[in-house]
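Asker: Let me give you the structure first, and then I'll get to my questions.
The values are calculated or read from the model by the stated rules, or taken from the named source; none is laboratory data. Remember, predicted model here, so these are calculated numbers, not experimental data. Neighbour counts are summed over all protein chains in view; Cβ atoms, including those assigned to glycine, are modelled from backbone coordinates with ideal geometry. Calculation scope for accessible area: heavy atoms of the full protein, side chains included, ligands and nucleic acids excluded. Shrake-Rupley method; radii C 1.70, N 1.55, O 1.52, S 1.80 Å.
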Amino acid sequence: MQTIHTLAELRAQAAAWRRAGERAAFVPTMGNLHQGHLCLVKRARELAPRTIASIFVNPLQFGPNEDYTGYPRTLDEDRRQLQAAGLDLLFAPDLDDVYPRPLEEMTQVTVPGLTAVLCGASRPAHFLGVTTVVAKLFNMVQPDIAVFGEKDWQQLVVIRRMTADLNIPIEIIGTPTVREADGLAMSSRNGYLSTEQRAVAPTLHATLQTMAARWRHGEQNYPALEKEAKAQLTAVGFQPDYFEIRHAETLLRPRPEDTAADLRIFAAAWLGRARLIDNLAIAPLTS
Ligand code: PAF
């Protein structure tokens, strides 16, 4: 596995693969890798003969009081895991290479609508940071395919929309959420949980499962289900941010007649200093 830090070297390698007719699949990450990321790499390897991952902790997607400075940076261990996973190329650019000018002077990419709800409502500049850096990484890496996890479902649909709207010739692939044995979705932020909080954390997924099952069994008063779910999470120590049933692709709220549509439940809740997110299909059931 090669590790490359500069755009010039990245471009040279990508061009050589393109000349040889080899397609490339790309997995963008912020590092501190876990099994969920390694599953993205595995999927990328199934999709294309060449695989590229990036590690870049993107300041533009963190709010002023969020964990940018403290976000775990574990490049040596990440490299070891990516090498073992069979990745071809790790791109780990420096901050100045991605943002050579002050952040507020850089061109930004915005996807309206989809980013105004759920995580976008409680983290106002988050998706602007995500779409801007992903658009830049797409232009730097120029892959044929890019692979994202469904745990960040909203991010996945936002990136699909951005790619379509900007006519970016990259196929976006989503992969199912990877979970611990007790159901907790794998996340770099799980490392912030104390032992006691870690024991409580799977309740988020369990509550999504219970509410999805109740919906499927005919309890389709979604505001009532959402209210009850939030109360249950609060009772075990979470501070719920949202627990909402929405259309999977448009993220709009369902109308009463939409009960057979492709709906998902989305949840975000604080547990100590970890903000956990998760989501589940209601129908059809996929992950
Ligand atoms: O999902 C992430 O880790 C990040 O949001 C991403 C896509 C790498 C952009 O910084």
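Asker: Can you work out ³J(HN,Hα) from phi for every residue in region 215-228, in order, using Karplus 6.51 cos²θ - 1.76 cosθ + 1.60 and θ = phi - 60°, giving whole Hz and x for Gly and Pro?
Answerer: For region 215-228, the Karplus curve yields 4, 5, 8, x, 7, 10, 8, 5, x, 5, 4, 5, 5, 5 Hz.
Asker: Here is a further query. Probe radius 1.4 Å, ligands and nucleic acids left out: which of Cys39, Cys119 has the largest accessible area, and how do the rest follow?
Answerer: On the way: Cys39 45, Cys119 10 Å².
If we order Cys39, Cys119 from most to least accessible, we get Cys39, Cys119.
Asker: Search the structure for amide H atoms under 5 Å from the amide H of Ser54, placed 1.01 Å from N in the peptide plane, and list their residues when 5 or more places away or on another chain.
Answerer: Long-range HN contacts for Ser54: Val27, Thr29, Phe91.
Asker: Would you mind checking which residues have amide H under 5 Å from Ile245's amide H? H placed 1.01 Å from N; only 5 or more apart, or other chain.
Answerer: The answer is Phe266.
Asker: Largest first, how would Val200, Val236, Val141 line up by accessible area (1.4 Å probe)?
Answerer: Working: Val200 40, Val236 65, Val141 0 Å².
Largest accessible area first, the list is Val236, Val200, Val141.
Asker: A follow-up question, please. At a probe radius of 1.4 Å, what is the per-residue accessible area of Tyr242, in Å² to the nearest 10?
Answerer: Taking all protein chains as shown, Tyr242 has close to 20 Å².
Asker: Checking the a/c ratio against 1.5 first, then a/b against b/c, what shape does the Cα gyration tensor give for region 145-287? Please list the in-between numbers first.
Answerer: Working: a/c = 2.05, a/b = 1.18, b/c = 1.74.
Oblate, because a/c is 1.5 or more while a/b does not exceed b/c.
Asker: Pulled fully out, how much extra length does the chain show between Glu249 and Ala261, if you take 0.36 nm times their separation in residues and subtract their Cα-Cα distance?
Answerer: 3.3 nm
Asker: Rounding to the nearest 20 debye, state how big the charge dipole of region 177-287 is about its Cα centre with +1 on each Lys and Arg Cβ and -1 on each Asp and Glu Cβ. Show your work: numbers first, answer last.
Answerer: Details: 13 positive and 13 negative charges, 43 e Å.
The dipole of region 177-287 has a size of about 200 debye.
Asker: Here's another thing I want to ask about it. Want the number for Ser122 to His34: 0.36 nm per residue separation, take away the alpha-carbon distance, what's left?
Answerer: Working: separation 88, 0.36 × 88 = 31.68 nm, distance 2.57 nm.
Taking Ser122 through His34 to full extension adds about 29.1 nm, to one decimal.
Asker: In sequence order, what are the phi-derived ³J(HN,Hα) couplings for region 86-97 according to the Karplus relation 6.51 cos²θ - 1.76 cosθ + 1.60 with θ = phi - 60°, rounded to whole Hz, with x for glycine and proline?
Answerer: Computed from phi, the couplings for region 86-97 are x, 5, 8, 9, 9, 9, 10, x, 7, 3, 5, 6 Hz.
Asker: For the chain, give me the percentage of DSSP beta bridges that are antiparallel, rounded to the nearest 5 percent. All intermediate terms of the calculation are to be shown ahead of the outcome.
Answerer: On the way: 18 of 37 bridges.
Approximately 50 percent, going by the DSSP bridge assignments.
Asker: Below 8 Å, C-alpha to C-alpha, sequence gap of six or more: please give me the relative contact order for the chain in percent. Provide the component values of the computation, followed by the final result.
Answerer: On the way: 482 pairs, mean separation 48.7, N = 287.
The normalised contact order for the chain reaches 17 percent.
Asker: For Glu226, tell me the accessible area in Å² from a 1.4 Å probe, rounded to the nearest 10.
Answerer: Rounded to the nearest 10, that gives 20 Å².
Asker: How many percent of the accessible area of the chain is carbon or sulfur, using a 1.4 Å probe? Numbers along the way, then the final one.
Answerer: On the way: 6890 of 13170 Å².
Taking all protein chains in place, the chain shows 52 percent carbon and sulfur surface.
Asker: Moving to a separate point now. So what is the accessible area of region 44-120 per residue, in Å², with the probe set to 1.4 Å?
Answerer: On the way: 3910 Å² over 77 residues.
Normalised by residue count, the accessible surface of region 44-120 is 51 Å².
Asker: In addition: Can you list residues whose amide H is under 5 Å from Arg179's amide H, if they're 5+ apart or on another chain and H is modeled 1.01 Å from N?
Answerer: Met186
Asker: Can you give the charge dipole size of the chain about its Cα centre, rounded to the nearest 20 debye, using +1 on the beta carbon of Lys and Arg and -1 on the beta carbon of Asp and Glu?
Answerer: Working: 30 positive and 32 negative charges, 61 e Å.
Dipole of the chain, to the nearest 20 debye: 300 debye.
Asker: Rounded to the nearest 0.05, what FRET efficiency do Leu75 and Ala15 have when you use their Cβ-Cβ distance and R0 = 25 Å? Can you show the working numbers first?
Answerer: Numbers: r = 25 Å, r/R0 = 1.02.
The calculated FRET efficiency here is 0.45.
Asker: Starting from the Cα-Cα distance between Thr234 and Asp96, subtract it from 0.36 nm times their residue separation and give me the gain in nm to one decimal. It would help to have the intermediate numbers written out before the result.
Answerer: Values: separation 138, 0.36 × 138 = 49.68 nm, distance 4.18 nm.
Extra length available between Thr234 and Asp96 comes to 45.5 nm.
Asker: Round to the nearest 10 and report in Å² the accessible area of Leu75, as given by a 1.4 Å probe over the protein chains' heavy atoms.
Answerer: 70
Asker: Let me ask something else about it. For the full complex of protein chains and a 1.4 angstrom probe, list Arg214, Arg19, Arg73, Arg79 by accessible area with the highest value first. Display every interim value, and only then the final one.
Answerer: Details: Arg214 60, Arg19 185, Arg73 125, Arg79 80 Å².
Final ranking, largest accessible area leading: Arg19, Arg73, Arg79, Arg214.
Asker: Counting only heavy atoms of the protein chains, get the accessible area per residue of region 174-269 (1.4 Å probe) and round it to a whole Å² value. Could you put the intermediate results ahead of the total?
Answerer: Values: 4540 Å² over 96 residues.
Heavy-atom SASA per residue in region 174-269 reads 47 Å².
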